[in-house]
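Beneath this line is the structure, given in structure tokens, with notes to follow.
The values are calculated or read from the model by the stated rules, or taken from the named source; none is laboratory data. The structure displayed is predicted, hence computed values, not measured ones. All Cβ positions, even for glycine, are placed from backbone atoms using ideal geometry, and neighbour counts span all protein chains on display. With ligands, DNA and RNA removed, areas are computed over all heavy atoms of the protein, side chains included. Shrake-Rupley method; radii C 1.70, N 1.55, O 1.52, S 1.80 Å.
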Amino acid sequence: MDIVGWKFFPLVVGLVSFLLFYMKTVSKLSNAECSLLSHDHYWIISKRIVTPTGVISGAVEIYGGNIVSVVKNYHQQAKSSRGNVIDYGDAVVMPGLIDVHAHLDEPGRTEWEGFLSGTKAAAAGGVTTLIDMPLNSFPSTVSEETLKLKVNAAEEKIYVDVGFWGGLVPENAYNRSALEGLLNAGVLGLKSFMCPSGINDFPMTNASHIKEGLHALAKYKRPLLVHAEKELDAESYSETRDGVSDARSYSTYLSTRPPSWEVAAIRELLEVTKDTRYGGSAEGSHLHIVHLSDARASLDLIKGAKISGDSISVETCPHYLAFSAEEIQNGDTRLKCSPPIRDADNKEKLWDAVMNGHIDMLSSDHSPTTPALKHLEDGDFLRAWGGVSSLQYVLPVTWSYGQKYGVTLNQLASWWCESPAQLAGQGLKGVIKTGNHADIVVWEPETEFELDENHTAHHRHPSISAYMGKRLTGKVLATYVRGNLVFKDGKHAPAACGVPILAK
Ligand SMILES: NC(=O)NC(NC(N)=O)C(=O)[O-]
Ligand SMILES: [Zn+2]
Ligand SMILES: [Zn+2]
């Protein structure tokens, strides 16, 4: 380098080191905005840490967003160890909930929910991962292009991690390269409806479409989730719709979607799920039935298919476990969903199936809309949007209504963390163990609270929540996502630093 060059050398060095310092500080700062904690190496200690081998008293060491150790009776050492110790006493430390069935409605319908409000509600409820459904956003997520729109819309708006299901619809079901484009773009699996979805650009599919979908999924080893209701004698539905019966009475709506709709759909599905068996033509794919309501014939069919070796799983939702048809007041359209909430005896049978592992997991099926579309004013069950709004409360609801059946903390972790993580292919989530993401919820099962206007609801429309007015037990104290403290005592971290999860 000539003399002139040497003269500038110190300047160049100074400039480069300033830039490096600046970038490091900014990234540190931005980290600070992602968490209510100022450090990323710390210990969480508690007398009740839910691990796969049971509930232990001990400590979880977290560094750089991951769990680096889980040790029993760590109290003494943790206090003496250097670093930051957060002592939660006997509050429960559990893996963060993974909700595999939520409709966040963005892009396109942020007046219904949206990533910001939906993921704030999730963080406040101890839900650390959401898998967003491909419909109710506009456009529906049925192609590589529409997935890109959704991922871009989520940027810097998600307080928790969000993955995405793609849509299996007639327009892409027979187009293998379109389906593979969507799967290669990173959807965690596909979703389809066997009945009208209520969303124009998300038409229903038949068994032939579903067969194609399973075969496309096989080599990716990802699931197909199905809304399993098949319209039978639709004319009775249209008759009721024309106001022949009382549209405000829940029983009118209930009569339009009998269990036979679920049975007919599941019977048809089981014709194709045979291919998912070991050695079958679609081995590697998996069928997951969403929001089961019928705990009688439909459940018997599913149990039989599992015994025959079909790769099949099933979820139900808190609202089917919390409410029964007999108690739904006329006009209370907050509780309209499909399939419908059925009678009290069915609810008992659902609880029995959940407690005995015949139902594999729980999901929120958070499917909000505007109060107007929910027909809260006129209470018209036949015209109201079908979908229950509940995302923020699924943990206390499951725990509160589960007390009667003797629900344990490990069962909660199985239904809301371990099994959903498996379905969504998230091997680093759903369990508190070394090497996993530090996705954690800290909560007090014994603390009761009134779900009223004093209780901050983060959903876009709290008034349509099914649980408003209920007294629940199980208060969320803190929520950690990849080691960032994203929610604590009613406050969220300043920035939304959740990660969009795209399958490789
Ligand atoms: N388009 C919807 O969100 N539909 C949802 N509506 C319900 N469950 O009533 C669903 O999951 O089927
Ligand atoms: Zn559905
Ligand atoms: Zn849904």
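Which of the residues spanning the stretch 252-269 are more than 13 Å from ligand 1 (Cβ to nearest atom) and under 22 Å from H101 (Cα atoms)?
Selection gives P259, V263, I266, L269.
With the checklist (1) crowded, with 24+ Cβ neighbours inside 10 Å; (2) over 16 Å from the mean Cα position of the chain (by Cα) in hand, flag the one item R176 doesn't pass.
(1)
Kindly check whether there is at least one residue in the stretch 262-275 that is within 16 Å of ligand 3 (Cβ to nearest atom), within 30 Å of L376 (Cα to Cα) and either among the aromatic types (F, W, Y) or in a helix (DSSP H, G or I) (or both).
So far as the stretch 262-275 goes, yes, one or more of its residues are within 16 Å of ligand 3 (Cβ to nearest atom), within 30 Å of L376 (Cα to Cα) and either among the aromatic types (F, W, Y) or in a helix (DSSP H, G or I) (or both).
So if I check each of L362, L299, which one is more than 13 Å from ligand 1 (Cβ to nearest atom), farther than 25 Å from D105 by Cα and of a type in the set (A, V, I, L, M)?
L299
Let's see how each residue does on (1) aliphatic (A, V, I, L, M); (2) within 16 Å of ligand 2 (Cβ to nearest atom):
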| position | (1), (2) |
| --- | --- |
| D380 | no, no |
| S390 | no, yes |
| W416 | no, no |
| A421 | yes, no |
| V431 | yes, no |
| I440 | yes, no |
| T447 | no, no |
| H459 | no, no |
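Within the stretch 82-105, work out how many residues are surrounded by fewer than 24 Cβ atoms within 10 Å (Cβ to Cβ) and not in a strand (DSSP E or B).
6
Which residues, taken from the stretch 303-322, are in contact with a strand residue (DSSP E or B) (Cβ under 9 Å, 6 or more places away or on another chain), open to solvent by less than 10 Å² (accessible area, probe 1.4 Å) and more than 16 Å from ligand 2 (Cβ to nearest atom)?
Scanning the stretch 303-322 gives A305, L321.
Give the stretch 193-214 a look and list any residue that's surrounded by 20 or more Cβ atoms within 10 Å (Cβ to Cβ), of a type in the set (V, I, T) and within 14 Å of ligand 2 (Cβ to nearest atom), or say none.
Across the stretch 193-214, the qualifying residue is only T205.
Pick out the one residue from S260, S285, S298, S251 that is open to solvent by less than 20 Å² (accessible area, probe 1.4 Å) and away from ligand 2 (no atom under 16 Å from the Cβ).
S285
Of the numbered conditions (1) in contact with a strand residue (DSSP E or B) (Cβ under 9 Å, 6 or more places away or on another chain); (2) away from ligand 3 (no atom under 16 Å from the Cβ), G284 satisfies every one except a single condition; which is it?
Tallying (1) in contact with a strand residue (DSSP E or B) (Cβ under 9 Å, 6 or more places away or on another chain); (2) away from ligand 3 (no atom under 16 Å from the Cβ), G284 fails exactly one: (1).
Show the residue pairs that are 6+ apart or on different chains and have beta-carbon atoms under 6 Å apart, the first residue being within the stretch 354-380 and β-branched (V, I, T), the second being open to solvent by less than 50 Å² (accessible area, probe 1.4 Å) and assigned to a loop (DSSP other than H, G, I, E, B).
T369/W112; T369/W385
Please go through the stretch 438-451 and pick out each residue that is open to solvent by 30 Å² or more (accessible area, probe 1.4 Å) and in contact (Cβ under 8 Å) with a residue 24 or more places away in the chain.
If the condition is that a residue be open to solvent by 30 Å² or more (accessible area, probe 1.4 Å) and in contact (Cβ under 8 Å) with a residue 24 or more places away in the chain, then E444, E446, T447, E448 are the ones that fit.
Please enumerate the residues belonging to the stretch 179-224 that are more than 16 Å from I501 (Cβ to Cβ), aliphatic (A, V, I, L, M) and not in a loop (DSSP other than H, G, I, E, B).
L179, A207, I210, L214, A216, L217, A218, L224
Starting from the stretch 213-230, take each residue that is within 11 Å of L179 (Cβ to Cβ) and list its partners that are buried (at least 24 other Cβ atoms within 10 Å of the Cβ) and charged (D, E, K, R), counting only C-beta distances under 9 angstrom and pairs at least six apart or across chains.
What qualifies is L224/K191.
Restricting attention to the stretch 365-391, which residues are open to solvent by less than 10 Å² (accessible area, probe 1.4 Å) and away from ligand 1 (no atom under 14 Å from the Cβ)?
Within the stretch 365-391, G379 is the sole residue that qualifies.
Does at least one position in the stretch 106-127 carry a residue that is in a loop (DSSP other than H, G, I, E, B), of a type in the set (A, V, I, L, M) and within 28 Å of I44 (Cβ to Cβ)?
No, the conditions are met nowhere in the stretch 106-127.
Looking at the stretch 139-156, I want the residues that are more than 21 Å from A173 (Cβ to Cβ) and have a partner that is acidic (D, E) with Cβ atoms under 9 Å, at least 6 apart or on another chain. Which pairs are those?
A153/E106; A154/E106; A154/D132
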